[in-house]
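Trainee: Got a structure here, written out as structure tokens. Questions coming.
The values are calculated or read from the model by the stated rules, or taken from the named source; none is laboratory data. Source: prediction; values computed, not measured. As a convention, Cβ positions derive from the backbone with ideal geometry for all residues, glycine included, and neighbour counts pool all protein chains shown.
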């Protein structure tokens, strides 16, 4: 199997086999999307029915192409796919995306056809993606090789790379998270039935990809959980968090997974154990990916799980406190010196307990924010800080955001913000936080969950580093930490 996945994600030439002039149909969309997004490589539509499509010469057969494409998109009926795949092998095409469905997921003859594809791919060493998938998007290099409404959108390139066994869900996640959640993607690939290049292969590639910062995955079932653990540990060592959906966790869910992509879900307990051992972060909803991704992109990891909260709303502070404690964090005990500094800035009717309630007095005195924040981040017993700003908006919001950014720049501890104002009434304030990579959330619960995830990930990183240090041979040839 091919492993040079950079060539797959950034092909210099693409053949579209079964291309159509009906641009609403599945077979017509990939060429339309590649052309519409100004794909920079060479495109070769292949279909004996047409002389040209979208102004490009259409070739009667793959063998007639003037060069060997890096990638072939197969958009023909299931019964024709084996012959087309064999033609790709003879031509020497290294990567093939098979969009067609009707294989193992339908059983019977479909399963036999899929086995034939596996044998052809092995014989010619073709890197097959699919069948029964929706393709791939490489935002950075403008490769929109697939079909569906999400391929019509333009995306700003970012550092999130995703592999999904479900095409519709995977691309919906990318669309919603990138456009509405402000978490920009680098590339997304869907794998369907996975007869060739697998989810684990793509995860390994993302770990080694310098432009990928965060990895996301949607899985219904994997063949090798031991390899998943190895991949997860490699991602920890590289500092690239993996956020993963695991579905098919009930009897009915597993049956649905088999009918969907022929990937049986497996025992949920085994996957949970593998996630824990590998430091993989489990997500359960699209909002989780946005929230946790924002947290992990801040570029700071807490040294422990001790949190201090600064709030102008006592109720919101209690709500966040309950959430983080239930998720394994601790409320920091503020040092006497910190409490002394807080007494100088917090009103007498406020609270110096953690959460520290500076009250609505900040409407009259903006220095409350910076003063309280600076006192708390200087406390060695505090690992991370959350500020709760209720729904402050307008010019005051911008000034407070400036105070938060100034305070956060004087520490390497994570500083998170809960801010309930709508985007439209505090756009400059939110932009200021975004530019400083300070995560902000609309609710204390979402902020608390994201902080807990960041804390757990940091703990997994520390554990992995300690294991590496313990097992690494010393300069004298003995194990560090051993008895000699």
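Trainee: Read through the list (1) exposed (fewer than 14 other Cβ atoms within 10 Å of the Cβ); (2) free of Cβ contacts under 8 Å to residues at least 40 places away in the same chain; (3) in a loop (DSSP other than H, G, I, E, B), then give the number of the only condition that residue 50 fails.
Mentor: (1)
Trainee: Could you grab the pairs with beta carbons closer than 9 Å, sequence gap of 6+ or different chains, first residue in the range 68-83 and under 12 Å from residue 94 (Cα atoms), second one buried (at least 24 other Cβ atoms within 10 Å of the Cβ) and at pLDDT below 95?
Mentor: none
Trainee: Which of (1) in contact with a strand residue (DSSP E or B) (Cβ under 6 Å, 6 or more places away or on another chain); (2) part of a loop (DSSP other than H, G, I, E, B); (3) under 24 Å from residue 200 (Cβ atoms) is the odd one out, the single condition residue 275 does not satisfy?
Mentor: (2)
Trainee: Here is a follow-up. Would you pick out the residues in the range 335-359 that are over 12 Å from residue 310 (Cα atoms) and part of a helix (DSSP H, G or I)?
Mentor: At the first step, the residues of the range 335-359 found to be over 12 Å from residue 310 (Cα atoms) are 335-341, 343-345, 347-349.
If the condition is that a residue be over 12 Å from residue 310 (Cα atoms) and part of a helix (DSSP H, G or I), then 336, 337, 338, 339, 340, 341, 343 are the ones that fit.
Trainee: Still on this model: So is residue 385 more than 21 Å from residue 297 (Cα to Cα) and surrounded by 24 or more Cβ atoms within 10 Å (Cβ to Cβ) or not? Full working, then the answer.
Mentor: Values: more than 21 Å from residue 297 (Cα to Cα): no; surrounded by 24 or more Cβ atoms within 10 Å (Cβ to Cβ): yes.
It is false that residue 385 is more than 21 Å from residue 297 (Cα to Cα) and surrounded by 24 or more Cβ atoms within 10 Å (Cβ to Cβ).
Trainee: Can we say residue 128 is touching a strand residue (DSSP E or B) at 6+ places or on another chain (Cβ under 8 Å) and either at pLDDT below 95 or closer than 18 Å to residue 46 by Cβ (or both)?
Mentor: So residue 128 fits the description; yes.
Trainee: Tell me, which residue of the range 134-157 that is within 19 Å of residue 297 (Cα to Cα) and free of Cβ contacts under 8 Å to residues at least 40 places away in the same chain is nearest to the chain's Cα centre (by Cα)?
Mentor: By that ranking, first place goes to 157.
A quick yes/no check of all residues on (1) at pLDDT 95 or above; (2) outside any loop (DSSP other than H, G, I, E, B); (3) surrounded by fewer than 12 Cβ atoms within 10 Å (Cβ to Cβ):
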site	(1), (2), (3)
381	yes, no, no
390	no, no, no
402	no, yes, no
416	yes, yes, no
431	no, yes, no
448	yes, yes, no
453	yes, yes, no
457	yes, yes, no
482	no, no, yes
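Trainee: Same structure again: Which numbered condition trips up residue 202, out of (1) under 14 Å from the mean Cα position of the chain (by Cα); (2) closer than 18 Å to residue 461 by Cα; (3) crowded, with 20+ Cβ neighbours inside 10 Å?
Mentor: Only one criterion is unmet by residue 202, namely (2).
Trainee: So, in the range 283-330, of the ones that are surrounded by 22 or more Cβ atoms within 10 Å (Cβ to Cβ) and part of a strand (DSSP E or B), which residue ends up modelled with the lowest pLDDT?
Mentor: Restricting to residues being surrounded by 22 or more Cβ atoms within 10 Å (Cβ to Cβ) and part of a strand (DSSP E or B), the top hit is 311.
Trainee: Taking the stated definitions as given, is residue 123 out of contact with any strand residue (DSSP E or B) (no Cβ under 8 Å at 6 or more places or on another chain), at pLDDT below 95, surrounded by fewer than 24 Cβ atoms within 10 Å (Cβ to Cβ) and closer than 22 Å to residue 76 by Cβ? Full working, then the answer.
Mentor: Details: out of contact with any strand residue (DSSP E or B) (no Cβ under 8 Å at 6 or more places or on another chain): yes; at pLDDT below 95: no; surrounded by fewer than 24 Cβ atoms within 10 Å (Cβ to Cβ): yes; closer than 22 Å to residue 76 by Cβ: yes.
The answer is no for residue 123.
Let's see how each residue does on (1) buried (at least 21 other Cβ atoms within 10 Å of the Cβ); (2) more than 24 Å from residue 296 (Cα to Cα); (3) not assigned by TED's automatic domain parsing to the domain that holds residue 447:
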residue	(1), (2), (3)
336	no, yes, no
360	no, yes, no
376	yes, no, no
410	no, no, no
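Trainee: Going by the structure shown, is residue 171 modelled with pLDDT under 95, surrounded by 18 or more Cβ atoms within 10 Å (Cβ to Cβ) and either outside any loop (DSSP other than H, G, I, E, B) or not assigned by TED's automatic domain parsing to the domain that holds residue 442 (or both)? Give the derivation first.
Mentor: Numbers: modelled with pLDDT under 95: yes; surrounded by 18 or more Cβ atoms within 10 Å (Cβ to Cβ): yes; either outside any loop (DSSP other than H, G, I, E, B) or not assigned by TED's automatic domain parsing to the domain that holds residue 442 (or both): yes.
Yes.
Trainee: Let me ask something else about it. Going by the conditions given, is residue 93 assigned to a loop (DSSP other than H, G, I, E, B) and either at positive phi or in contact with a helix residue (DSSP H, G or I) (Cβ under 8 Å, 6 or more places away or on another chain) (or both)?
Mentor: yes
Matching residues to (1) outside the structural domain of residue 20 (by TED's automatic domain parsing); (2) at pLDDT 95 or above; (3) within 19 Å of residue 39 (Cβ to Cβ):
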{"position": "68", "(1), (2), (3)": "no, yes, yes"}
{"position": "77", "(1), (2), (3)": "no, yes, no"}
{"position": "85", "(1), (2), (3)": "no, yes, no"}
{"position": "88", "(1), (2), (3)": "no, yes, no"}
{"position": "99", "(1), (2), (3)": "no, yes, yes"}
{"position": "109", "(1), (2), (3)": "no, no, no"}
